[in-house]
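*Asks:* I am attaching a structure below and will ask some questions about it afterwards.
Here, each number is a calculation from the coordinates, and none is a lab measurement. This structure is a prediction, so every number in the text was calculated from the model and none was measured. Here the Cβ is made from the backbone with ideal geometry for all residues, glycine too, and neighbour counts use every protein chain on show.
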Amino acid sequence: MTRYSALFTGQTADVEATAEKPSQAYTILLVDDEANVLKALKRVFREENYRIITAANGQAALALLERESCQLMISDYMMPVMNGVELIQKVREKHPDMIRIMLTGQADTQAVMGAIKDGAVYKFILKPWNNDDLRVTVGLALEQYDLIQRNKTLQKNNERKSKELNTLSKLAVTNRSQLAIMLHKRNLLNQQQVQELYKLQQTRKEPVLKLILERDWISENDIRDTLRKELMIEEVALDEFQIDPAILALAPRSLCEKQWLLPLKQQGERLLTVMADPLDRGLVDDLSFAIGMDIESVMASSEAIMAKIKEAYGDLEPDFEDFETLVSVSDPYEGIEVVIEDEDDATLEELLRGTDEPPAIRLVNAVIIEALRLGASDIHIQPRTKSIVVRYRIDGILNDKIQIPLNLLMPLVSRIKVMAELDITERRKPQDGRITVKTPMRVVDLRISTLPTISGETVVMRILDRNATVHSMDALGLGDRDLKRLSNVVSRPQGLILATGPTGSGKTTTLYSLLQHNATPEKNYVTLEDPVEYYLDTAGQVMIREKIGLSFASVLRAVLRQDPDVILLGEIRDSETAEVALHAALTGHQVFSTLHTNSAAATIARLFDLGLKPFVVASALEAIIAQRLVRRICEHCREPVEPSAELRQMLAPLFAKGNLNTYRGKGCSHCHNKGYAGRTALYEVLIPNESLSSLIASDATTLEISEAASREGMTTLLADAQHKIMQGITTADEILRVLGAQVQD
């Protein structure tokens, strides 16, 4: 991490250097008095990017740790001179950050359990071990190690920042009010009272007015009358003011409540501010310096100001204990949480220039906020010859939205890499990362991918909304017949249900809808995804991490030992995963998963290509759902339209049975003159009956299966498209874009 990166992170270089060290191989210490066991353990991790060191006994391990830095230790229990529990407890004293795992075939259970209760042992694994389980355990342990180190760095940084903030809060306001002197001159306060006020102010650092009212020496109404009549200070009615959120952001709520003030509105280079004590020149000068504008003071009662503060900022006061918990506890699956303040009524131009943050931070924040407002699914940052273009994929279509000067490419990409914990010095290789972005209304996960091109690095960010709700089956857009058949399939206790289609066709959304249909607390639901797209409290959700050995196949094997009833497998990518998934479907589990194929019938051929036996596929398969996403016609500007001759020719099968009523969106303010608003799906549902299962078991061709399914009444994608065109849901042009030209049989 270079000093240059500190310009974009807002952190000091030394802290960043600690938190962003280049990734190195983990060092694992294996301790066992049997050489064969050590060799077997080394073979378990031969494909991992770990540095393995070994020791034959406890003394050798302790001596090795004096000169070697290790992140994890796996120790046997039964060893001469010093057993595993004694070794682990000594390691804990000298190296508390190291993750400690005990691996043994025979052990003093009482001693081992005592070590576990004391926190000396992270995991206790019995011999003989399962290689996959051991790899997954070590991967998770090392991830926890990284999380602990990151938390320690963040906590140190938070402590330092807290001290700085406490110091700044004491120095921020000097409270040089002339109110006490003015009241003394008018014989409303005596000399002793004035001296007592100044002594109290030196110790309590509170406004003079507050100290006067606490002692009830003079009423606030009398003070305001004096200021209004003798000093001609204007008094305002706060009920008449509607304060802009951008103005509120100029002064923190805590400062307003402590000093009894509130910014009201901007008048050129002056900020109209209501104050309970407008004679406090120290407060006026400090506020003017911090905001960068001249302060025009008016007055109101402290009670009215506090009521307006509550109305403007909201009733709920921040709970700093909860905030501390959120800051100190990190999600083990997320790298960094970035908080972006999003003002709903601010335009893109205001976001880009309305802050004092460095340009790269402003740009990234504005790009992300604009994407969330427009409902984009992806953000593309693409350098071109003369500029950088930010493109948003909205309803499946890419739209150019923002043009950025080309000289900002490097700081822009570097800022995104810093947020995603990527290597900003590496520009020759693709990189992947994740960011969690929090705005006041939403929490989204961004999946980051960078790619070097001849014009510079391109960045694509996939937006996954944590607050997104799972649709019910009725809202998916399925036909009545297919909906009823799928409802019957989902109610079965076991079997494999596949959703197929290209990337971004809504497969995961469909599977979550099926999973939640008839969901009950009596079942154990587990999902395995990369990344997790929907968050369900009722399910155990696992994030796949290929880099540390958490592959679909290995985690699925571990999940099967967790007594699941329903498993959602994000994707079947290889033969090993396919084999385990079908095995699970045949052994009493209901399995949902996805494949990338063009049609329902082609999915069966793809399963055969993965090495699965035809009779196994026929026994396990319950349903295949092929789907595509198409844009919906805007309901506010829909109108009939006559299709062109060229369109009729390219979609000949749709118009073969006579005239087909077609519609389009004319374009209006509701759809931003696009003619489309939202998306729906086209479905092709294949549910094997006895005859189809027999064909699958006999290794029939895709064409034979497709024809047989059509005879059984399967609605094809094209037939569903025709139905949705006639209903005015989508357009023929959209069908041509998604399904392509169709040849007349």
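*Asks:* For segment 634-740, what does the alpha-carbon gyration tensor say about shape, rounded, prolate or oblate, given a ≥ b ≥ c as the root eigenvalues, a/c under 1.5 as rounded, and a/b over b/c as prolate? Show your work: numbers first, answer last.
*Replies:* Details: a/c = 3.25, a/b = 2.22, b/c = 1.47.
In terms of gyration-tensor shape, prolate.
*Asks:* Return the equivalent ellipsoid semi-axes of segment 551-682 as a descending list in whole Å, where each equals the square root of 5 times an eigenvalue of the C-alpha gyration tensor. Mind dumping the intermediate values first?
*Replies:* Values: eigenvalues 360, 77, 25 Å².
Rounded to whole Å, the semi-axes are 42, 20, 11.
*Asks:* Give, in nm to one decimal, the length gained when the segment between Gln59 and Arg186 is fully stretched (0.36 nm per residue of separation minus the Cα-Cα distance). Provide the component values of the computation, followed by the final result.
*Replies:* Details: separation 127, 0.36 × 127 = 45.72 nm, distance 8.47 nm.
Computed gain between Gln59 and Arg186 is 37.2 nm.
*Asks:* Run the quick spin-label model on Leu147 and Lys386: label points 7 Å from Cα toward the beta carbon, then report their separation in nm to one decimal.
*Replies:* About 5.0 nm, to one decimal.
*Asks:* In segment 378-397, which residues have a backbone nitrogen under 13 Å from the label point lying 7 Å from Ser449's Cα in the Cα-to-Cβ direction?
*Replies:* Counting backbone N atoms under 13 Å from the label point, the list is 378-381.
*Asks:* A further question follows. Through the Karplus equation 6.51 cos²θ - 1.76 cosθ + 1.60, θ set to phi - 60°, convert the phi angles of segment 443-452 into ³J(HN,Hα) values in whole Hz; use x for Gly and Pro.
*Replies:* Karplus values, whole Hz, x for Gly and Pro: 10, 10, 9, 10, 9, 9, 9, 10, 9, x.
*Asks:* So, one more: I need to check one value: relative contact order of segment 613-745, counting alpha carbon pairs closer than 8 Å and at least 6 residues apart, in percent.
*Replies:* Details: 199 pairs, mean separation 51.0, N = 133.
Once divided by the residue count of segment 613-745, the mean separation gives 38 percent.
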